[in-house]
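K.L.:
Below are the structure tokens for one structure; questions will follow.
What follows draws every value from the coordinates through simple rules; no lab data is involved. Keep in mind that what you see is a predicted model, and the values were worked out from it rather than measured. Quick reminder, even Gly has a Cβ in these numbers, built from the backbone with ideal geometry, and neighbours come from all protein chains shown.
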Amino acid sequence: MTTATQLAAQSAAPQSRNDDPAAAPEGGVVQVEYADGGWVTVCRRSDLLPGRGVAVLLPEGRQAAVFLTRAGEIHVIGNRDPFTGAYVLSRGLLGSAGGAPFVASPLLKQRFSLTDGRCLDDPEQSVPVHPCRVV
Amino acid sequence: MAATDITGSDKRTDGTPARTLVLIGHGMVGQRFLEELAARGVTEDTRVVVLCEEPRPAYDRVQLTSYFSGTSPEELSMVEGDFLARHGIELHLDDPAVAVDREARTVTSRQGRVIRYDTLVLATGSYPFVPPVPGKDSPGCFVYRTIEDLKAIEDWAGRATTGVVVGGGLLGLEAAGALNKMGLTTHIVEFQPRLMAIQVDEGGGSALRRTIESMGLLVHTGVGGQEISTAEDGTVRRIHLSDGSSIDTDMVIFSAGVRPRDQLARECGLAVGERGGIMVDEQCRTSDPDVFAIGECAKTVDGMVYGLVAPGYDMAAVAADAIAAAGTTGAGATFTGADTSTKLKLLGVDVASFGDAHGTAEDCLDVVYSDSRAGVYKKLVMAKDGTLLGGVLVGDAESYGLLRPLTGSVPPVAPEQLVLPAGLSPAPALGPAALPDEAVICNCHNVTKGAIRAAVTDHQCTSVPEVKTCTKAGSGCGSCVKVLGQLVNAELEAQGITVDKGLCGCFGHTRQELYEIILALRLNTFEQVLDGHGRQEARGGDGCEICKPAVASIFASLAPAIGADGYVLDDAQAALQDTNDHFLANMQRNGSYSVVPRIPGGEITPEKLIVIGEVARDFGLYTKITGGQRIDLFGARVDQLPQIWARLVEAGFESGHAYGKALRTVKSCVGSTWCRYGVQDSVRMAIDLELRYRGLRSPHKLKSAVSGCARECAEAQGKDFGVIATASGWNLYVCGNGGATPRHADLLAQDLSDAELIRLIDRFLMFYIRTADRLERTSVWLERLEGGLDHLKDVVVHDSLGICEELEALMAAHVANYRDEWAETINDPEKLGRFVSFVNAPGTPDPTVRFVPERDQMKPDLTILSGPEIPVRTLEGSSR
């Protein structure tokens, strides 16, 4: 398991940005962009289960939800469900509609796009999307 | 009595006194009349005062008997919400009118109200006729008309072992059925030579009699009650019959017909019929143009006194029309007669009669189909030219919805095809397509086939519920709902509208179809199901939050039969599970979880109770006793779940599946072991059932209970499957529900042995799992199931589909394959790795899951969730 200490150490070594998440290599680690082009390693790719998410801690205590789709794409969004305030989106069910991936909140089931963070059931709400890469 | 003279009104602001309308009687017809008045705007400028003899507003007298199966008086109410207040209608309960002074135009009530009227409407209904038998007023003699009557009967029957119902008509049979259900030896005494003499002919009467006798009721026809003798304390002891015989009995219910309540009308000089009934014209006006009479108290222009609600409703509309049109010249509706066709279900037997059921027309001919073995009797009355005049249907009234609208026309197929059972008929059975547009489909609301078609074509209705709302068709007695459904579907099809019954955006199949596909092809991965059987555009995708758990549930239900692992966190299935199943706990509002160990039957040792208490104390959990006789532990963080369960599993607990669409609990009362009333060991049976069906994944949660006697302390009739002990075994009730849409369970089978009970439940549950929609509780499923309870009985009791062997085998495989999910999980380090708050900081608890004190325990701290983002300060070693 990646510890918080490792997390900080790895983030100090920035890598080239991978814009095609579907091309993620199997054995790599997942990195998330957190501020001004800084990257932080959050987990191994093998920690992810296709069709589900995990919660990760970002520096400064922010929480993100990391998902792996059936096609092998990785997506990272904020972990907070804006409808309830609870930090639970990583535990929602992943799905796709018209080819676009989404997660359904485990509490009240609103769906959020994994690509742009929009809530598909309420245009007023959205969650942050974090760029990510596998290295 | 203080007389109150109420003449004024503040309804009008311009100073002109409003008209006052007084309605005497607030029964079903009275209430309908008020609704018709309101619909015509009459209540806006007219003061409406209602005098009601009963202590409650109008209720559904047609469904009166359902009081005995648990329907509350409130549920029977016909008055919706604030209807009366909204329209400013003054209703005085418990205050019948005692006199009418037509000269002074006043009504006097029993409580002393004197109300001046401009228009008076009598809807006084009828009273039960009690034959002048000596002893008829003794304690233990009852009539069957009001909720108060039924309450008195219920009270008395609790101490009685035998009951006699005098009268074998509709209400008499209902009363007899109720007594029989309460466990009394029940006799029916009918003066006519057959039961339901008004509705059915001799053949129908004997078919009905055989079926009723097979239920254990004792039928005596062609005899009348002559005298009731009493015991020393004056209560009913015996009834002597006209043939010299007698029956020892604890109670007598008179249900020998009704008579119009016209006394008030007689006393104030209104014209009444020779044999009763207030004479009215086509507009329901009595001999005084300012006084109307409607419903069962009125004798209409065709010389009839109608005892049915549909004609009463028609009269209510006609009278409201006339009153609304007062002063105008417009011609309103008229009432000149009504169709007395009826379809009923009596003691589970379908009985219908329509048109000239007795063949009174000249030269008419009969076409009869009779099968005494099956208790089916059908007769059609035909004119010489082939016109259908009427008929009688007993035991199978399926075709009533089609035959009644055809009455008066020449049916498009030979009459014998109309009475032969489906399958025996040489030609395909007649469909609703054959009906003319003028055919009345819904008799209660007088809705024609043309109006139903127009609802689809002109009003864009696309479902039966929408058509019901639009036309009111099918919202009365409900006997036309099946034909209505066929018509709506045919019309939608004709419009080229296909109704998408698919499970979700990914699957065009229903859950039931997916079940069949998965079982037949032994599919056990979601990818196989989606890529092979999903909608074209969804194949290769991720599925969605609807289909993934639905398919996961089918996999779990069928695991041994399709070669799947029964363990829900197995690799192929883990990603499909709803979040609660994925963490084997129930997520609560702040993202924390609750934990419910299984306590089979609610029986638990002190040692185990102590373990639960210690676990709750050590992990700081909030504890609450559940309605299902177990203990819920709230406030666990996801990373605490494995430690909590390690302790619980070690103490011998198993998962309670409170998080799953699966069997929850089998609740029990303490049963014959301790209770002085108990007749069977309900606790043992509850434990056996809970252990047998634990872990069974199903379309929705399943709840059960076992009561050790008819007092029903375990509330089994509110469960998906409930068991009530009898002296000789168990009664099985199914498809009950509590919650927001309560439904009393239906009796599926009686006096079962342990083995018979378990076999039937096996079949029932597997049939439900096979055929229900996603998230469809058994109660809703049964309402939707074509053929309803009868069909369910046919399938699981009589094996009419020949599938029971398969259903039993599937259940046997489930039972043999059961493993405790939590024991399995805490022994699997890889699975345990998922139970962390953060995958990159496994030792760090989620700082947003916090609690504050509440009544000596704790509750979620929701204030911490209200901000936009919560920084974590405990992350050691983190740096920018």
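K.L.:
Please report, in whole Å, how far the alpha carbons of segment B:567-666 spread along each principal axis, starting with the longest.
P.N.:
Principal-axis extents of segment B:567-666 (Cα, largest first): 40, 28, 25 Å.
K.L.:
Out of the trypsin sites (Lys or Arg not before Pro) in segment B:459-529, which ones are loop residues according to DSSP with at most 16 other C-beta atoms within 10 Å? If you can, show how the numbers build up before the last one.
P.N.:
On the way: sites: B:Lys468, B:Lys472, B:Lys482, B:Lys501, B:Arg511, B:Arg522; in loops: B:Lys472, B:Lys501, B:Arg522.
For trypsin sites (Lys or Arg not before Pro) across segment B:459-529 that sit outside H, G, I, E and B with at most 16 neighbouring Cβ atoms in 10 Å, the list reads B:Lys472, B:Lys501, B:Arg522.
K.L.:
Antiparallel versus total DSSP beta bridges in the protein assembly as shown: what percent is that, nearest 5?
P.N.:
70
K.L.:
For segment B:511-577, give the magnitude of the charge dipole about the Cα centre (Cβ charges: +1 Lys/Arg, -1 Asp/Glu; no others), in debye to the nearest 20. Intermediate values should be presented prior to the final figure.
P.N.:
Numbers: 5 positive and 10 negative charges, 34 e Å.
About 160 debye.
K.L.:
Taking the Cα centroid of segment A:38-115 and of segment B:681-734, what is the distance between the two, rounded to the nearest whole Å?
P.N.:
Taking the Cα centre of segment B:681-734 as reference, the centre of segment A:38-115 is 42 Å away.
K.L.:
Using the eigenvalues of the Cα gyration tensor, what equivalent ellipsoid semi-axes result for segment B:625-718 when each is taken as the square root of five times the eigenvalue, whole Å, largest first?
P.N.:
Working: eigenvalues 158, 44, 28 Å².
Gyration-tensor ellipsoid for segment B:625-718: 28, 15, 12 Å.
K.L.:
What is the ratio of the Cα radius of gyration of segment B:791-872 to 2.2 N^0.38 Å, where N is its residue count, to two decimals?
P.N.:
Values: Rg = 24.2 Å, N = 82, 2.2 N^0.38 = 11.7 Å.
Ratio of Cα Rg to 2.2 N^0.38 Å: 2.06.
K.L.:
For Cα pairs less than 8 Å apart in space and 6+ apart in sequence, what is the mean separation divided by the residue count of chain B, i.e. the relative contact order in percent?
P.N.:
Details: 1749 pairs, mean separation 55.2, N = 880.
Computed over chain B, the figure is 6 percent.
K.L.:
Could you tell me the relative contact order of segment B:506-598? Use alpha-carbon pairs under 8 Å, at least six residues apart, and round to a whole percent. List each step's numbers first, then the result.
P.N.:
Details: 101 pairs, mean separation 22.1, N = 93.
Normalised by residue count, the contact order of segment B:506-598 is 24 percent.
K.L.:
What's the center-to-center distance, using Cα atoms, between segment B:573-636 and segment B:803-822 in Å?
P.N.:
Taking the Cα centre of segment B:803-822 as reference, the centre of segment B:573-636 is 25 Å away.
K.L.:
Using every alpha carbon pair in segment B:274-333, what percent of pairs falls into each 5 Å bin from 0 up to the bin containing the largest distance?
P.N.:
4, 22, 30, 25, 12, 5, 1, 0
K.L.:
As a check on your grasp of the helix formula, calculate [θ] at 222 nm for the protein assembly as shown: sum -39500 (n - 2.57) over DSSP H runs of n ≥ 4, divide by the residue count, round to the nearest 500. Write out the running numbers ahead of the final one.
P.N.:
Details: 29 runs with 270 residues, N = 1015.
The helix-only estimate for the protein assembly as shown comes to -7500 deg cm²/dmol at 222 nm.
K.L.:
Let me ask something else about it. Select from segment B:89-187 those trypsin sites (Lys or Arg not before Pro) which occupy a DSSP coil region and have at most 11 other Cβ atoms within 10 Å, ordered by residue number. List each step's numbers first, then the result.
P.N.:
On the way: sites: B:Arg102, B:Arg105, B:Arg110, B:Arg113, B:Arg116, B:Lys136, B:Arg145, B:Lys151, B:Arg159, B:Lys181; in loops: B:Arg102, B:Arg105, B:Arg110, B:Lys136, B:Arg145, B:Arg159.
Those that pass, being in a loop and sparsely packed, are B:Arg159.
K.L.:
Further question: When only alpha-carbon atoms count, how far does chain B stretch along each of its three principal axes, as whole angstroms with the largest first?
P.N.:
100, 72, 71
K.L.:
Work out the length of the dipole vector of chain B about its Cα centre, built from +1 on the beta-carbon of each Lys and Arg and -1 on the beta-carbon of each Asp and Glu, and round it to the nearest 20 debye. Present the calculation step by step, with values, prior to reporting the outcome.
P.N.:
On the way: 84 positive and 117 negative charges, 235 e Å.
With Lys and Arg at +1 and Asp and Glu at -1, about 1140 debye.
K.L.:
Can you pull the Kirkwood radius for segment B:474-623, inverse mean 1/r over Cα pairs, to one decimal in Å? Could you put the intermediate results ahead of the total?
P.N.:
Values: mean 1/r = 0.0520 Å⁻¹.
Computed over Cα pairs of segment B:474-623, the Kirkwood hydrodynamic radius comes out at 19.2 Å.
K.L.:
Per 5 Å bin from zero, what fraction in whole % of the C-alpha pairs of segment B:130-256 is there, up to the bin with the longest pair?
P.N.:
2, 12, 24, 25, 20, 11, 4, 1, 0
K.L.:
Determine the dipole magnitude for segment B:768-807: charges of +1 sit on the beta-carbon of Lys and Arg, -1 on that of Asp and Glu, nothing else is charged, the reference point is the Cα centre, and the result goes in debye to the nearest 20. Mind dumping the intermediate values first?
P.N.:
Numbers: 5 positive and 9 negative charges, 42 e Å.
Magnitude of the dipole: close to 200 debye.
K.L.:
Give the residue list of GluC sites (Glu not before Pro) in segment B:544-643 that are DSSP loop and have at most 11 other beta-carbon atoms within 10 angstrom. Don't skip to the end; give the middle numbers.
P.N.:
Values: sites: B:Glu545, B:Glu603, B:Glu607, B:Glu614; in loops: B:Glu545, B:Glu603.
Loop-located and lightly packed - none at all.
K.L.:
Just to confirm a number: summing +1 for Lys and Arg and -1 for Asp and Glu over residues other than B:Pro139 whose beta-carbon lies under 13 angstrom from that of B:Pro139, what do you get?
P.N.:
Working: positive: B:Lys136, B:Arg159, B:Arg237; negative: B:Asp137, B:Asp155, B:Glu232, B:Asp233, B:Asp250.
The answer is -2.
K.L.:
Find which of B:Phe507, B:Phe292, B:Thr230 sits farthest along the positive direction of the dipole of the protein assembly as shown, computed with +1 on the beta-carbon of Lys and Arg, -1 on that of Asp and Glu, about the Cα centre.
P.N.:
Comparing the listed Cα positions along the dipole, B:Phe507 ranks first.
K.L.:
Oh, and also: Output the direction-averaged projected area (hull surface divided by four) of the convex hull of the alpha-carbon atoms of segment B:435-497, in nm².
P.N.:
Values: hull surface 14.0 nm².
Computing the convex hull of the Cα atoms and averaging its projections yields 3.5 nm².
K.L.:
Do the alpha carbons of any pairs in B:Lys299/B:Lys482; B:Lys501/B:Lys719; B:Lys449/B:Lys482; B:Lys719/B:Lys859; B:Lys181/B:Lys719 sit beyond 25 Å of each other, and which pairs?
P.N.:
Numbers: B:Lys299/B:Lys482 34 Å; B:Lys501/B:Lys719 28 Å; B:Lys449/B:Lys482 13 Å; B:Lys719/B:Lys859 30 Å; B:Lys181/B:Lys719 19 Å.
B:Lys299/B:Lys482; B:Lys501/B:Lys719; B:Lys719/B:Lys859, as the Cα separations exceed 25 Å there.
K.L.:
Right, here's the next one. Just check the protein assembly as shown against the gyration tensor rule for me: Cα atoms, a ≥ b ≥ c as the square roots of the eigenvalues, rounded for a/c under 1.5, and otherwise prolate or oblate depending on whether a/b exceeds b/c.
P.N.:
Working: a/c = 2.00, a/b = 1.84, b/c = 1.09.
In terms of gyration-tensor shape, prolate.
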